[in-house]
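For reference, the structure is listed below as structure tokens.
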Amino acid sequence: MNSYEYILEMRNINKRFKNLVANDNITFRVRPGTVHALIGENGAGKSTLMNILTNIQTPDSGEIYIRGELVEFKNPLDAVRHGIGMVYQEFMTFQGMSVLDNIIVGFEQKNGMFIDYKESRRKVEEICKKYNFNIPLDALVNDLPIATLQQVEIIKVLYRNADIIILDEPTSVLTPQGVQGLLDAIRFLVKQGKTVIFITHKLKEVLEISDDITILKNGRVTGVLSAKETNELELARLMVGREVMLQINKPQCKTGDVVLIVSNLKVKDSAGVIRVKNASFKVHAGEIVGISGIAVSGQKALVEAIVGLSTAEKHGEIIFCGRNITDETIANRRKMGMGYIAQDRTGIGSNKEGTIWENAIMGYHRVKGFKRKHLLDFNDINAFTNKIIDEYAVKTQGIGDKIKTLSGGNIQKLIAGREFLQNQKLLIIEDPTRGIDVGSVEFIWNRIIQMAQVGVAVLLISHDLNEVMQLSDRILVMYNGSIIEHPNSKVLTEEQIGLMMLGGVIDEVGN
Amino acid sequence: MMTMLGILFGSVTWSATFRLSTPIILTSVGGSFNKHTGVFCIAFECFMLSAAFFAAWGSYLTGSPYMGTLFAILAGLLLAAIFGMFVLNFKANPMIVSIAMNFGAWAVTTLLLTEIFGVRGYFHSPKIVNFSPIDIPVLREIPYINEVLNNQIILVYIAYISVVVGTIIMYKTPFGLRLRTIGINEIGAQTAGVNILKYKWIGLAIMGIMSGLGGAYLPLSGLSMFSENMSSGRGFLAFAAILVSKGNPVKAALISILFAYTNALTFTLTSYGIPSQLLQMFPFIAVIIVLMIGNLRNLSLTPVIEASE
Amino acid sequence: NSEPATAEPVASDEKTIAKKAVYITTSPLGNDFTDLIWSGFKELEKEGWEVKCIEVKEASEYPEQIRAMAAQGYTAMFTMFDELSNVALDLADELAEQYPDLHIFLLDTYMEHDKANVTSVTVDPFESSFVAGYVAAHMTDKKDIGWIGHKDILKVHRFRDGFIAGVQYADLGKNVITAFTGDPFDPVKGQETAKTMIKNNDIDIIYQSAYLGGPGVISACAEAGIKCIGVDNWQGYIDPCVFWSAVKSMDVAVKTLAEGHVSGKQYATSINFDIASGGAVYDQRDAGNIPEHLLLKVNQLIDDIKSGKVDVYKGFEQYKLNY
Amino acid sequence: MKLEINGEAKSAMLKYCISIGLTLVFGCILITAQGEKPLRAMGYILQGSFGSVMNIGNTIRWIISSLLVGAAATIAFKSGVANMGIEGQIYIGALSAAVIGYSIELPPGLHAIACLLVASIMGMLYALIPALLRLYFKINELITTLVLNFIAKDLTEYITMWVIMGGQQAANGSASIATPRILKSAQLPIIIKSTTANIGIFIALAVLLIVAFFYKYTLEGYELTQIGQNMNFARMGGVNITRSFLMAFLISGFISGLCGGIEITGAYYRFTSSFSNNLGWDGIMIARVSNNNPIAVIFVSIIWGGLKQGAMNMERMTSLNRLIVIIIQMLFVLFVSIDYDSIINKWKSKMELKKPDYNGGMNI
Ligand SMILES: Nc1ncnc2c1ncn2[C@@H]1O[C@H](COP(=O)(O)OP(=O)(O)OP(=O)(O)O)[C@@H](O)[C@H]1O
Ligand SMILES: Nc1ncnc2c1ncn2[C@@H]1O[C@H](COP(=O)(O)OP(=O)(O)OP(=O)(O)O)[C@@H](O)[C@H]1O
Ligand SMILES: [Mg+2]
Ligand SMILES: [Mg+2]
């Protein structure tokens, strides 16, 4: 029915950042009414290509054809007018505004000079109805769970009449159920005639949902495949350029003494809302305990209380190596051997204005070795920083470089090195591989397992259920502030855990 | 002797409040628009002082306060443009630019005073024509209201109208919605098709125009004069109002009124022999108290510092 | 206006003292009082003096400016207002040693000291305010008279209390209402203070000593249609509502003192250019603004003050300076 | 580490060179417009600031305060404290020094030290107010410190006039609002005769060197830097944020108070109301111009002090107004604030785009 073969065609796109070639003569074609997956390592150039398509960035050279016609965008609005809409990896929500405002901004229905809220609302409601979304339009976006925010973002794109919808790593924040919901939504969108470009690091999803797959590596296209004719291993090889182990072989570790006991922990957030209710669990030396749960079920508050970033309510207890640390300072907890990898690697885990060495010693700068009395000991600092750089393969020019010149994966390796190389007793690790490519994921997973093998207790909190299942000896599920432990969590399937994350009850044998 | 109630609620205090708040309201409403685009600015002292000078000069040259105000607006716009050029185009640190401009404005207006009028300190001339008070017949019949609201110059009414108009623009129009998104999430706004740079410039322009109006009030409210440092810290008060109100025009106006009211009180209280130094501290202490009361719900006995925006 | 002063060596001849006068002021030219004083220098310039005005901005630069002008060979140095004069006094011994020809006149400053090369020169506003008070008491139709100053400081109290003393002396049962604007540089506050005072009280005359706030007070009086008394210099030019100005004839003082110094006259440590020593307390341009009989009374009063028959400080002894 | 210093130093040099060049150009235009010869005027500025021992002495007098306010602002801004209240803290410190200076008798030396110590502590306590408001009420210190400046000026004036002088004439009969003169024993020794250059310069230099050393080599300095750059990062690393924030705020107030104390014991010898205007803002500008680098603060202060001093000489020697120099100073600050790196990069990449032989960056 169409007079064109490709609804979107990007030809010979080139884009350079200083000396870095982000897109090297890329040609990218999408058939109408299909789901087209765009995959590749971190920094392969996926987002850049999409940013060029949405005119957030301008290409150095190259042409874009939409429905067979050459188009030239002058601003992001032009892209929208041509029916291109993108759901960004970092959601583009406006804190403190209502969902409705978030959706309509930039494309408000007008009534003379004013926003016609009535008409706007009617249009948004119409879309919600058509695509089966159920969203409270008057709620402030701050209060919404991530999955809902994602729906808001999708509605936003639909509201702008997009035909080509780009989803940048949409599944990394969702539970399995959430992922299924999203995939269903995508299928539904395609049925309605939309075209979807799907960016992800998760090859399973790629194979499940997409029709065609384009693979980028180092800014170049290394393969265009049909999903029916390929498999995970081939995709991984094309992405990384070598064979990648997608399944970690985790040896059974000997578990030792109890390192961490959390009992009856209750935590309120800054607004006074109870986020953790009577949580109790134990972590042993040499054991990896995974905690999974949908977003805002309390993991963040739990971790903050254990690490000491927030204070728990009086009646609960956190016992670390036999000592009650409920009211201890962060510094003391760290001194006792508690390491922490924060989920937000640039906001909390590192200081982007700081140098590599400044980032490498944080948390341990008061440890003997880094200091003599009150002075910093630069010999030791240099030695330690170089050790991280070597052992954790951090790609950098020198330890005086600013962190902001490192890529996300390298920052994460630096942080991991910092926390792992300190003879810890307990490691609290949040989402260690979020947004990181398969090569680096493999690296970090291996390191975590190594830590457990040498007898470190690991508490792993991840939104990626696959990660939790691959690494953990035991899996705790967090639901609505409570910890649910299944007596034999290793026998559970992804779907069963997913169900628990949503509040379902699974009996002992797994029904 | 007046009763305390008479002083606190009397028409004398309130009509003075009404007038004194005018320059601060005008400036802070304008600055609110800029605030929402996420551009930090404390150069209001510069805008107001320069605008005051040009208002006086314009009125002197043309014999019309309206032309004087136009001069002031243009001066405000020009300075906002200079500020924008440094901050937006040259990526200069807005705080340094603001501070430098504040002091530069004092030096430049003083120099202009010497160069143009050949005087130092102040220039007074009947040729600087003031706005004349407007008599609104409807108000004339209502006793208290008449004394407070009636017979003010047009800028006073414009200030209060600007609060309403500003609020409507900010919260009811597409323009306002888009503007507000920039300060919250710049890239997000960009993806919504908002031309960030354009909106930032518009925000700056509104700030310039409104500070120009605020500055024009000073020489043309009946004084027929310009004097060195005439803005007397009102720019900083406007800045404080914007910061405290987080860019909400209504709240900014309320803070401005608080400043003006506490100041107006002192004019009566000074006749009771209270040392003027103590009275001068009034508005500032009031704003700290208001902030403390406003933040009571944040009160925590175990102090925790959150990174400020 | 003045040519750059080349740093000539100080004349070595003992008898002749170079005719170089410098005016160092903390308050820039452009207000009535400093302008008035500067006009005294202008007179000197006409008679072949080299004159220079230095406006100092911050207290921290005072000593440096004083030393520098001494080093440039100025022989008659006039410093204005107490803060600056205090500093000059502190430097007096040091300067006396290095620049024997230099004499420092502390204008509008009263200070008790023992430095031979320093003379504190006052034109006490008390007397002119006293006379203004006397005039105001006669001119008002109301029971109360207003007075507005800038800051609640001693200097300004002299204006206020002199005025009150004058009103009391007139003995017409009038009462003075006082207020401060709080800020010497803010005319808007001057205006609002006056408006408030006019509305709160039934008055028809305000005497302003509000510095740059003064024009604000005057414009408020003009708008309300009441009369105003100006200060320092003749301020009738600002608005006709200023029917009287309590002037301080500082210009005459400057000229007399500078010329006296070069002609070898020795001065006491303090001098008051008061009525007794020939100072004027009002400007002739205002003479026609009050009824003739009152003018006669005023002139009589001035004569009485001159002859000592009337003691303006009666009841306000703390303001009496020991010359 | 070598690499960082070289790279940053290079771009800093470039920045200062371009700014000075631009300032000179605009300065010349301004001076010419005023009917003076730029070279002559600049000559007088140089002569006035460094042309003779006495002039150097007077320049030093300015450098002292510039150094101290620069240090106070640097500490605050480097550690993430928006202390706009340096001015107010100076006032409180100055008044305290004056009170100790005239009211008690102590041996020389000791007396001066007591004055400075009390001044510093009072400055620090005044900084404690906004610090506590931030800690307990979460009120942004930007507003409170700004407001407390105004309060400090009125408060010191009130105390001087009504409390110390009892609303009466000053001790020598003068009508200025001033405390009695401090005793000889409380005065800082003068290092160059006939000037106000006093040993405060050594104190100020020592303060800056200590600050520089502190941030570069000590644990606490490291922690404060990290807080200034990313508070959440520092907290995650176990840094006691509350304590450090308070510490930075208080040290900043302490140095501001010290500055006030040195002003009194080294230059004025008595507290006079409204004795300084701008010192606090000067500090913020100096710190920002120096990019919060304590060593750069020293150099910028020398330029700053020299300009201030030279400007007065220029005013005395030419028909020019000192305002010109203030404008020139502001232009310098404005030009230094420009981010030349990003402009040059932008410009470079524009030029590169225009290269016709671009082929995807294959041959880099
Ligand atoms: N602001 C910058 N200045 C200089 N170089 C930068 C800057 N930002 C990124 N780079 C360089 O770009 C490269 C990739 O950065 P980016 O953060 O986009 O990678 P990424 O896609 O997250 O990769 P990964 O997470 O797999 O390491 C890095 O080598 C980094 O040195
Ligand atoms: N604004 C920029 N300035 C400099 N370099 C950039 C910029 N944006 C992207 N890059 C670089 O371009 C390369 C491609 O980045 P891009 O974001 O497209 O990667 P990606 O494939 O989306 O990676 P990820 O999977 O991490 O999202 C990276 O090396 C990145 O560092
Ligand atoms: Mg990335
Ligand atoms: Mg990406």
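The values are calculated or read from the model by the stated rules, or taken from the named source; none is laboratory data. Here the structure is a predicted model, which means the values were calculated and not measured. A quick note on method: Cβ atoms are made from the backbone with ideal geometry, for glycine too, and the neighbour counts reach across all protein chains shown. Keep in mind that these areas ignore ligands, DNA and RNA; they rest on the heavy atoms of the full protein, side chains included. Shrake-Rupley method; radii C 1.70, N 1.55, O 1.52, S 1.80 Å.
The residues listed here are C:166, C:162, C:214; of these, the one that is closer than 28 Å to residue B:228 by Cα, open to solvent by less than 10 Å² (accessible area, probe 1.4 Å) and part of a helix (DSSP H, G or I) is C:214.
Whether any residue in segment C:281-294 is open to solvent by 20 Å² or more (accessible area, probe 1.4 Å), touching a Ser or Thr at 6+ places or on another chain (Cβ under 8 Å) and not in a helix (DSSP H, G or I) is what I want to check. Within segment C:281-294, one or more residues are open to solvent by 20 Å² or more (accessible area, probe 1.4 Å), touching a Ser or Thr at 6+ places or on another chain (Cβ under 8 Å) and not in a helix (DSSP H, G or I). Scanning segment A:93-123 for residues that are surrounded by 20 or more Cβ atoms within 10 Å (Cβ to Cβ) and at the interface with another protein chain (Cβ under 9 Å from one of its Cβ atoms) returns A:93, A:94, A:101, A:102, A:104, A:105, A:106, A:108, A:115.
Suppose we filter A:383, A:393 for residues that are outside the structural domain of residue A:472 (by the TED database), within 13 Å of ligand 1 (Cβ to nearest atom), surrounded by fewer than 16 Cβ atoms within 10 Å (Cβ to Cβ) and among the aliphatic types (A, V, I, L, M); which single one remains?
Only one candidate passes the filter, namely A:393.
Yes/no matrix, rows are residues, columns are (1) within 16 Å of ligand 1 (Cβ to nearest atom); (2) assigned to a loop (DSSP other than H, G, I, E, B):
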| position | (1), (2) |
| --- | --- |
| A:6 | no, yes |
| A:11 | no, no |
| A:29 | no, no |
| A:43 | yes, yes |
| A:49 | yes, no |
| A:52 | yes, no |
| A:62 | no, no |
| A:70 | no, no |
| A:73 | no, yes |
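Scan segment A:397-404 and tell me whether some residue there is within 16 Å of ligand 4 (Cβ to nearest atom) and within 25 Å of the chain's Cα centre (by Cα). Full working, then the answer.
Within segment A:397-404, the subset within 16 Å of ligand 4 (Cβ to nearest atom) is none.
Checking segment A:397-404: not a single residue is within 16 Å of ligand 4 (Cβ to nearest atom) and within 25 Å of the chain's Cα centre (by Cα).
Taking the conditions (1) facing chain D (nearest Cβ under 8 Å); (2) within 16 Å of ligand 4 (Cβ to nearest atom) in turn, residue A:410 satisfies each one other than (1). Residues that are within 18 Å of residue C:69 (Cβ to Cβ) and within 18 Å of the chain's Cα centre (by Cα) within segment D:43-61 comprise D:58, D:59, D:61, listed in sequence order. Screening residue A:434 with (1) within 16 Å of ligand 2 (Cβ to nearest atom); (2) more than 30 Å from residue A:294 (Cα to Cα); (3) in a loop (DSSP other than H, G, I, E, B) gives one miss only, at (2).
Looking at residue A:23, is it surrounded by fewer than 21 Cβ atoms within 10 Å (Cβ to Cβ), touching a residue at least 12 places away in the same chain (Cβ under 8 Å), within 13 Å of ligand 2 (Cβ to nearest atom) and not aliphatic (A, V, I, L, M)?
No, not satisfied.
Conditions (1) at pLDDT 90 or above; (2) more than 13 Å from chain B (Cβ to nearest Cβ), marked per residue:
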position	(1), (2)
C:113	no, yes
C:124	no, yes
C:136	yes, yes
C:139	yes, yes
C:147	yes, no
C:154	no, no
C:169	yes, yes
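Within segment A:131-146, residues that are assigned by the TED database to the domain that holds residue A:186 and farther than 17 Å from residue A:294 by Cβ sit with their Cβ atoms under 7 Å from residues that are open to solvent by 30 Å² or more (accessible area, probe 1.4 Å) and modelled with pLDDT of 85 or more, at 6+ positions apart or across chains, in these pairs: A:131/A:188; A:133/A:151; A:137/A:121; A:140/A:96; A:141/A:95; A:142/A:95; A:142/A:96. The listed residues are A:450, A:412, and the only one of them that is part of a helix (DSSP H, G or I) and in the same structural domain as residue A:473 (by the TED database) turns out to be A:450. Taken as a whole, the condition of being on the phi > 0 side of the Ramachandran plot and not polar (S, T, N, Q) applies to residue B:63.
The listed residues are D:82, D:41, D:9, and the only one of them that is touching a helix residue (DSSP H, G or I) at 6+ places or on another chain (Cβ under 6 Å) and either without any contact (Cβ under 8 Å) to a residue 60 or more places away in the chain or in a helix (DSSP H, G or I) (or both) turns out to be D:41. I'd like to know if segment C:252-275 contains one or more residues that are buried (at least 22 other Cβ atoms within 10 Å of the Cβ), touching a Cys at 6+ places or on another chain (Cβ under 6 Å) and within 20 Å of residue C:130 (Cα to Cα). For segment C:252-275, residues buried (at least 22 other Cβ atoms within 10 Å of the Cβ), touching a Cys at 6+ places or on another chain (Cβ under 6 Å) and within 20 Å of residue C:130 (Cα to Cα): absent.
Can you tell me which residue among D:40, D:61 is open to solvent by less than 30 Å² (accessible area, probe 1.4 Å) and of a type in the set (Lys, Arg)? Just one listed residue meets the conditions, D:61. Looking across segment A:407-443, the residues that are aliphatic (A, V, I, L, M) and either away from ligand 3 (no atom under 16 Å from the Cβ) or surrounded by fewer than 21 Cβ atoms within 10 Å (Cβ to Cβ) (or both) come down to A:416, A:421, A:426, A:427, A:428, A:429.
Among residues of segment B:276-309 being assigned to a helix (DSSP H, G or I), farther than 20 Å from residue B:240 by Cα and more than 7 Å from chain D (Cβ to nearest Cβ), the one that is most open to solvent (accessible area, probe 1.4 Å) is B:297. Restricting segment A:170-213 to residues that are within 16 Å of ligand 1 (Cβ to nearest atom) and open to solvent by 20 Å² or more (accessible area, probe 1.4 Å), the residue that is farthest from residue A:292 (Cα to Cα) is A:201. So is residue C:182 surrounded by fewer than 24 Cβ atoms within 10 Å (Cβ to Cβ) and at positive phi or not? No: the conditions fail for residue C:182. Just one residue in the set B:195, B:229, B:248 is surrounded by fewer than 24 Cβ atoms within 10 Å (Cβ to Cβ) and without any contact (Cβ under 8 Å) to a residue 60 or more places away in the chain; that residue is B:195.
Can you tell me which residues in segment A:1-14 are under 19 Å from residue A:163 (Cα atoms), at pLDDT 85 or above and either among the acidic types (Asp, Glu) or surrounded by fewer than 24 Cβ atoms within 10 Å (Cβ to Cβ) (or both)?
First pass over segment A:1-14, keeping only residues under 19 Å from residue A:163 (Cα atoms): A:1-10.
Still in the list and also at pLDDT 85 or above: A:5-10.
Matches in segment A:1-14: A:5, A:6, A:7, A:9, A:10.
Check whether at least one residue in segment A:39-56 is crowded, with 20+ Cβ neighbours inside 10 Å, more than 16 Å from ligand 3 (Cβ to nearest atom), within 14 Å of chain B (Cβ to nearest Cβ) and free of Cβ contacts under 8 Å to residues at least 40 places away in the same chain, and report yes or no. Checked against the condition, which is being crowded, with 20+ Cβ neighbours inside 10 Å, more than 16 Å from ligand 3 (Cβ to nearest atom), within 14 Å of chain B (Cβ to nearest Cβ) and free of Cβ contacts under 8 Å to residues at least 40 places away in the same chain, segment A:39-56 yields at least one hit.
Yes or no, residue by residue, for (1) open to solvent by less than 50 Å² (accessible area, probe 1.4 Å); (2) within 20 Å of residue B:281 (Cα to Cα); (3) in contact (Cβ under 8 Å) with a residue 24 or more places away in the chain:
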site	(1), (2), (3)
D:89	yes, yes, yes
D:92	yes, yes, yes
D:109	yes, no, yes
D:119	yes, no, yes
D:130	yes, yes, yes
D:143	yes, yes, no
D:149	yes, yes, yes
D:153	no, yes, yes
D:156	yes, yes, yes
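The listed residues are A:73, A:17, and the only one of them that is open to solvent by 20 Å² or more (accessible area, probe 1.4 Å) and within 16 Å of ligand 4 (Cβ to nearest atom) turns out to be A:17.
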